[in-house]
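Colleague: Take a look at this one; I'll ask things after.
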Amino acid sequence: MAELPASILAAGAGLSARGIRRLSLMLALTTFVLIGLGGIVNSTGSGLSVPDWPTTYGRHLFLYPPSEWRGGILYEHTHRLVAALVGLLAFVHVLWSWLALRDERFRWFRQVSLVSFLLVILQGVLGGMTVLFRLPTAISTSHAMVAQSFFAITLLLALGTQRTWYVVPDIAPAVRARILRLSAAVWLVTFVQIFFGALTRHTYSALAIPDFPLVFGGLFPPAEFLSSHVLVHYLHRVAGFALAGLMVWQGLQLRRIPLLGPWGHAGMLIVLGQLLLGGWVVWSFRAAVPAALHGIVGTGIWAINTVIFFQAWRWQWLARQQHGS
């Protein structure tokens, strides 16, 4: 039987290990806030409220006077400040991880931390390009997708500091494998749905189909109304309903699974609320509040499904290590 790895808290450097745990949680939470602010910037049409980058109207980011923080400038400038904080946290995280967790068993954690730092640099550059090139669809959509990828990495780091990450629950191997397959499918569909959502936002296709839940009064867009905007919007809807069905099924399958049961139940409720928010966006002619909430809740769904998938994958990996396979 292979020896299971010790947890970071058990084998780490005392206070340093506890500090990394708190820092990992802070990084994930701050990233969630940052993505939410990005959604507010987009929903309020504030993406170019500050037309230069990396400066703010020619001034240093941290020296721009609060008296000028009004309207769209408030949203965009706050978004940039929180982005700078996330970048700083990612830098401290990678530095702390490589200095405090030198044990070979935690090499994976150090490497993931480094990946997170590289991703946040890429994300900052994409954010700047989004402004400098005046919100091009390809760059804006890439900016959104890298943000969600970075968020998933921060969740992995946060999970990796929990004691439950290093424990295999008493679950039949067949059940464990089935949970992994289902959670992987849900996770991938969620990522695809986020892509369609980002594309819908950044191609301004949110109102390409004016009714909900029907599509021009039916189930499919009529040929005479078919366009790239309608197609993008329609794919987003189809993926949304498919994801909702998968998450309800996932929640039912997880109801008796230790640790994951509450996540599954939360996912079932939130994804149904997300469908209503999607309808609200259409019914309100894309008002800022429902549009922003729709993006924030979508990120919450991504977080839930990421946690479920990563934990299910980890259990399968640990079980194989435990049995020496």
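Just so you know, all these numbers are worked out from the coordinates, no wet-lab data involved. As the structure is a computational prediction, the values presented were derived from the model and not from experiment. Cβ placement follows ideal geometry from the backbone for every residue including glycine, while neighbour counts extend to all protein chains displayed.
Colleague: Is the C-alpha gyration tensor of segment 1-167 telling us rounded, prolate or oblate? Criteria: a/c under 1.5 is rounded; beyond that, a/b larger than b/c is prolate, otherwise oblate.
Modeller: Prolate, because a/c is 1.5 or more and a/b exceeds b/c.
Colleague: Taking a ≥ b ≥ c as the square roots of the Cα gyration tensor eigenvalues, with a/c under 1.5 meaning rounded and otherwise prolate when a/b beats b/c, else oblate, which class fits the chain?
Modeller: Oblate.
Colleague: If you don't mind, another one. Pulled fully out, how much extra length does the chain show between Phe241 and Leu99, if you take 0.36 nm times their separation in residues and subtract their Cα-Cα distance?
Modeller: 46.5 nm
Colleague: Could I ask something else about it? Quickly work out the Gln322-to-Leu272 label distance, labels modelled 7 Å from Cα along the C-beta direction, and quote it in nm with one decimal.
Modeller: 3.4
Colleague: Moving on. Once the Cβ-Cβ distance between Phe216 and Thr137 is put in as r, and R0 is 30 Å, what FRET efficiency do you end up with, to the nearest 0.05?
Modeller: Computed FRET efficiency for Phe216 and Thr137 comes out at 0.80.
Colleague: Let me ask something else about it. Could you check the simple spin-label distance between Ala174 and Ser67, using points 7 Å along Cα→Cβ, in nm with one decimal?
Modeller: Taking the simple label geometry, Ala174 and Ser67 are separated by 7.3 nm.
Colleague: Now for a different question. Under a 10 Å cutoff between Cα atoms, tell me which one of Arg256, Arg18, Arg237 has the largest fluctuation in the Gaussian network model of the chain.
Modeller: Maximum fluctuation in the GNM of the chain, among the listed residues, is at Arg256.
Colleague: Could you please rank Trp96, Trp108, Trp315, placing first whichever residue has the fewest other Cβ atoms within 10 Å of its Cβ?
Modeller: Fewest to most other Cβ atoms nearby, the residues stand as Trp108, Trp96, Trp315.
Colleague: Next question, about the same structure. Which one of Leu126, Leu207, Leu226 has the biggest mean-square fluctuation once the chain is modelled by GNM with Cα springs under 10 Å?
Modeller: It is Leu226.
Colleague: With springs only between Cα atoms under 10 Å apart, run a GNM on the chain and tell me which of Leu276, Leu219, Leu61 wobbles the most.
Modeller: Sorting by GNM fluctuation, first place goes to Leu219.
Colleague: Now for a different question. Show that you can apply the helix-only estimate: for the chain, add -39,500 (n - 2.57) for every DSSP H stretch of four or more residues, divide by all residues, and state [θ] at 222 nm to the nearest 500.
Modeller: Theoretical 222 nm ellipticity from helices: -25000 deg cm²/dmol.
Colleague: On to the next question. Give, rounded to the nearest 20 debye, the magnitude of the charge dipole that segment 170-325 has about its Cα centre when Lys and Arg contribute +1 at Cβ and Asp and Glu contribute -1 at Cβ.
Modeller: 540
Colleague: Right, another one. Taking the Cα centre of the chain as the origin, how large is its charge dipole in debye, to the nearest 20, when only Lys and Arg (+1) and Asp and Glu (-1) carry charge on their Cβ atoms?
Modeller: 760
Colleague: Now a separate question. Could you put Ile35, Ile171 in order, starting from the residue whose Cβ has the fewest other Cβ atoms within 10 Å?
Modeller: Placing the least packed residue first, the sequence is Ile171, Ile35.
Colleague: Mind checking the full-extension length gain between His265 and Leu118? Use 0.36 nm per residue of separation minus the Cα-Cα distance, one decimal, nm.
Modeller: Gain in length upon complete extension: 49.5 nm.
Colleague: Going by C-beta contacts inside 10 Å, put Ser284, Ser205, Ser140, Ser116 in order with the fewest on the left.
Modeller: Going from least to most buried by this count: Ser284, Ser205, Ser140, Ser116.
Colleague: By its C-alpha gyration tensor, with a ≥ b ≥ c as the square roots of the eigenvalues, how is segment 106-265 shaped: rounded for a/c under 1.5, else prolate for a/b larger than b/c, else oblate?
Modeller: Oblate shape, in that a/c is at least 1.5 and b/c is the bigger or equal ratio.
Colleague: Going by Cα centres, segment 251-275 and segment 64-127 are how many Å apart?
Modeller: That distance is 30 Å.
Colleague: Note down the nm distance, to one decimal, between modelled labels 7 Å out along Cα→Cβ at Arg181 and at Leu231.
Modeller: 3.3
Colleague: Can you give the extra length, in nm with one decimal, that the chain gains between Leu29 and Ser16 once fully stretched, where that is 0.36 nm per residue apart less the Cα-Cα distance?
Modeller: 2.7 nm
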